[in-house]
Amino acid sequence: MKLSESIKPISYLKSHTAEAIRTVSQGQQPMVITQHGEAKAVLQDITSYEQMQESLALLKILAQSSKCIREGRSKPIKSAFADVRKQIKATVE
């Protein structure tokens, strides 16, 4: 779908809601909704939305990990696993 075809005024959405949802769901392409000629909202299928949310969550985790490494708040994996094993052993006893 061309970008120009996926930009619709809010009046289109009001009068063709079912069709707009079907188009977005089948094509998995977002639809930009305009009001007074300005982009105001995006209509997106749920699968694409969920994938985007998962991607954003992973990016946040990576950013946090990078920050921890830069700040020196990391340790070698062998040391980390040794600490976890000690904690598990302490809770079992």
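The values are calculated or read from the model by the stated rules, or taken from the named source; none is laboratory data. These numbers come from a predicted model, not from an experiment. Here Cβ is always computed from backbone atoms with ideal geometry, including for glycine, and neighbour counts include all displayed protein chains.
Some observations on this one:
- Helices (runs of 4 or more DSSP H) fully within the chain that include at least 2 residues being more than 27 Å from the chain's Cα centre (by Cα) and β-branched (Val, Ile, Thr): 77-92.
- Of all residues making up the range 23-36, the number that are modelled with pLDDT of 95 or more, out of contact with any strand residue (DSSP E or B) (no Cβ under 7 Å at 6 or more places or on another chain) and closer than 15 Å to Glu5 by Cα: 0
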